[in-house]
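First up is the structure itself, then whatever we jot down about it.
Read-outs throughout are calculated quantities, based only on the coordinates presented, and are distinct from any laboratory measurement. Note that the coordinates shown come from a computational prediction; the quantities given were computed from them, not determined experimentally. Here the Cβ positions follow ideal geometry from the backbone for every residue, glycine too, while neighbour counts run over all protein chains shown.
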Amino acid sequence: MKTMSYTYWREGKFYIGFLNQFPDYHTQATSKRELTENLLDLLKDIQSREVPYIRKVEELLVA
C-alpha cells in the first residue's frame with residue numbers, strides 16, 4: 001500500500017485540501033472523512049488522465 005501526503009485546513013464549516021504532489025487541485029467537504037474520500041476520488045481522476053494539464057512536483061538530486 002502506498003501513502004500520499006495532503007494538506008488541509010478548515011474554513012468556516014468546510015474542510016479544504018489538496019494532494020501535496022498536485023497542489024493546483026483543491027477539493028472541499030463538510031467533514032475530514034469526506035475530504036479524504038474526495039481526495040482519493042481526485043487522485044483516481046488524475047491517474048486516469050481525466051484532469052488535463054497536470055503539473056507534478058518531484059525532487060531533483062543536486063550534487
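Tallying residues that are part of a loop (DSSP other than H, G, I, E, B) and hydroxyl-bearing (Ser, Thr, Tyr) within region 11-33 yields 3.
Would you mind stating whether residue 36 is surrounded by 15 or more Cβ atoms within 10 Å (Cβ to Cβ) and outside any loop (DSSP other than H, G, I, E, B)? Let's see the steps before the verdict.
On the way: surrounded by 15 or more Cβ atoms within 10 Å (Cβ to Cβ): yes; outside any loop (DSSP other than H, G, I, E, B): yes.
Yes: the conditions hold for residue 36.
Residue 60 fulfils the conditions (1) assigned to a loop (DSSP other than H, G, I, E, B); (2) closer than 19 Å to residue 10 by Cα except for a single criterion, (2).
Determine, yes or no, whether residue 61 is aliphatic (A, V, I, L, M) and under 9 Å from the mean Cα position of the chain (by Cα). No: the conditions fail for residue 61.
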